[in-house]
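The values are calculated or read from the model by the stated rules, or taken from the named source; none is laboratory data. From a predicted model like this one, the values you see are computed outputs, not experimental measurements. Using ideal geometry, Cβ is built from the backbone for each residue, glycine included, and neighbour counts are taken over all protein chains shown. Calculation scope for accessible area: heavy atoms of the full protein, side chains included, ligands and nucleic acids excluded. Shrake-Rupley method; radii C 1.70, N 1.55, O 1.52, S 1.80 Å.
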Amino acid sequence: MTHQAQIRIPATYMRGGTSKGVFFRLDDLPEAARTPGAVRDALLLRVIGSPDPYGKQIDGMGGASSSTSKTVILAMPTRPDHDVDYLFGQVSIDKPFVDWSGNCGNLTAAVGAFAISSGLVDPGRIPENGVATVRIWQANIEKTIIARVPITDGQVQETGDFELDGVTFSAAEVEIEFQDPAAGEGAMFPTGNVVDKLEVPEAVVEGGLIEATLINAGIPTIFVRAKDLGYTGTELQEAINGDPEALVRFETLRAHGAMRMGLIKHPDEAAGRQHTPKVAFVAEPADYLSSSGKQIKAADLDLLVRALSMGKLHHAMMGTAAVAISAAAAVPGTLVNQAGGGERTSVRFGHPSGTLRVGGEARQEGGQWTATKAVMSRSARVLMEGWVRVPGEVIEA
């Protein structure tokens, strides 16, 4: 039997925030993969090494976690007053699908740098030294994001002394501003309430009712109290990911929250929408040891947050979930606001790897809350650039 030779596609492997992904320019993709559909999905699955029943992604660029099973496609802007279009694909590790339902806030930190380095940004907008403002159109959720990228001698400055908990080495600071960050269409609080009584199976919580804040900002997110699930909010990854019953419980909670938010019509549909919504649990500040052994003091925190992504507890915090945290913290009465001690325009929360500060603003108009912006600092750098290779038959229609 004759097999086609591998093809090679220009690509860049980048870290953005606490995530890694394979970045492409749209025009560099094989022609059949330049439009959404089965061919594009098949290509990205093969690039990352999915679906992999072993859960390791050995035969691809993925790193066997939700933080590293990611792809980005950048293109010339389709909206006026923007520099680049950014499309994010979250690749399932063990199933044959790519989830396009939301953004990746962490990889957003690398979008501006990649857009500049690959010639997508007008050179006239890039200073010789200083900060380049890159106006990003986030195509998944149709929102504007501003990235402020440091420039030295006309080139992106990647090295620096900015430290981000969850990332081992320091790098240059990149400020990200999410404008009007309610994800996609609909209200910031889809049910109209800042706290809901969510009906769930008895296997999730005794009595079948749990209070939840269901918010649509940055990424659709379900917030519950840690204590309502028997947790403290200081848990590290193994406490959740090493407990199969807990993972099933969280996924059941996520499915029922997604239904209440109007994202799906039946709990079974949640399996085909792994990227959204996220589910997180919050608690008041407490001392704990981070996953690196760093002592985190309650006095340095506003609250504790632990969040799950693609069915597993995240090792730090998703950037989009951080946006949801900041928006919820700014609205009186949400579970995040209650745990954080009241209304605020910025919040510093503890996650498994350490802490993160996010600025957020929200306003109420006509009885509806709207998130106006969220701001955070991340970092990014190129890990490898060149070509990624896949078997030629992958792109056959």
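Quick notes on this structure:
- Around the Cα centre of region 98-213, unit charges on the Cβ atoms of Lys, Arg, Asp and Glu (plus for the first two, minus for the last two) sum to a dipole of about 440 debye.
- Paramagnetic reach from residue 125 (point 7 Å along Cα→Cβ, amide N under 14 Å) across region 63-79: 75-79
- Percent accessible area from carbon and sulfur atoms, the chain, protein chains only, probe 1.4 Å: 49 percent
- Distance between the pseudo-spin-label points of residue 100 and residue 286 (7 Å out from Cα toward the beta carbon): 4.3 nm.
- Rg(Cα) / (2.2 N^0.38 Å) computed for region 322-397, rounded to two decimals: 1.72
- Against the compact-protein benchmark of 2.2 N^0.38 Å, the Cα-based radius of gyration of region 185-244 scales to 1.28.
- Label-zone membership for region 206-221, site residue 197, 7 angstrom Cα→C-beta point, backbone N under 13 Å: 207-212
- Beta bridges by DSSP in region 1-152, antiparallel share as percent, to the nearest 5: 75 percent
- The length gained on full extension between residue 179 and residue 209, counted as 0.36 nm times the residue separation minus their Cα-Cα distance, comes to 7.4 nm.
- Ordering 112-125, 158-171, 328-341 by mean Cβ neighbour count within 10 Å, with the highest value first, yields 328-341, 112-125, 158-171.
- For residue 6, distant residues with modelled amide H under 5 Å away: 392
- Placed amide H near residue 160: partners under 5 Å, 5+ positions off or other chain: 171, 172
- Per residue, the accessible area of region 253-367 comes to 36 Å², computed with a 1.4 Å probe over protein heavy atoms only.
- Simple rule: put +1 on each Lys or Arg Cβ and -1 on each Asp or Glu Cβ in the chain, find the dipole, and look at 6, 132, 332; the Cα lying farthest toward the positive end is 6.
- Nearest-20 debye value, the chain charge dipole, Cβ charges on Lys, Arg, Asp, Glu: 120 debye
- Additional length obtainable on full extension of the chain from residue 361 to residue 389, 0.36 nm per residue less Cα span: 5.7 nm
- For a label point 7 Å along the Cα-to-beta-carbon line of residue 169, residues of region 1-28 with backbone N under 19 Å: 12-23
- Förster-model FRET efficiency, 45 Å R0, residue 142 and residue 245, C-beta, rounded to 0.05: 0.75
- Extended-chain gain in nm, criterion 0.36 nm per residue less alpha-carbon gap, residue 34 and residue 297: 89.8 nm
- Length-normalised contact order for region 120-199 - Cα pairs under 8 Å, 6+ apart - percent: 24 percent
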